[in-house]
Amino acid sequence: MKNRAHISPTYTKTDIINRVMETTNKRAVIAAPWVDHVLDAMRDIMMRAQPECRIEIRDFGIFEVKLTKPKLKARNPKSGEVVVVPRRRKTHFKPGKVLKKFLSQPLESPL
């Protein structure tokens with residue numbers, strides 16, 4: 001995990017590999033390729049979405065590729081110019097029941 005003074009922590013793929021190493025008692029040369037394979041497979045599925053897709057991982061959550069509607073009269077905030085924003089795809093994550101319940105709990109101390 002990279003430490004930043006006032007920003008929430010950022011976890012990288014290396015942090016995930018380290019966590020897999022800790023929980024499985026495997027070395028990095030074993031854990032890293034498996035983490036890579038899972039992430040590559042998910043990325044490949046999402047990039048091949050025609051035009052939408054849904055990856056459901058039980059007890060974790062759902063990753064989706066969704067379509068956005070075109071915006072015929074959007075405005076550039078800097079110049080005020082009216083622009084057309086074409087239809088595109090976006091990603092969305094919906095946490096699973098266990099994760100959602102955990103994240104919805106109030107924090108002990110105020111931010």
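The values are calculated or read from the model by the stated rules, or taken from the named source; none is laboratory data. Note that the coordinates shown come from a computational prediction; the quantities given were computed from them, not determined experimentally.
When the residues of the stretch 72-111 are narrowed to those that are under 25 Å from the mean Cα position of the chain (by Cα), of a type outside the set (Phe, Trp, Tyr) and assigned to a strand (DSSP E or B), which ends up modelled with the lowest pLDDT? Among residues in the stretch 72-111 that are under 25 Å from the mean Cα position of the chain (by Cα), of a type outside the set (Phe, Trp, Tyr) and assigned to a strand (DSSP E or B), the one modelled with the lowest pLDDT is Val85.
Name every residue in the stretch 13-39 that is in a helix (DSSP H, G or I) and of a type in the set (Lys, Arg), in order of residue number.
Hits for the stretch 13-39 are Lys13, Arg19.
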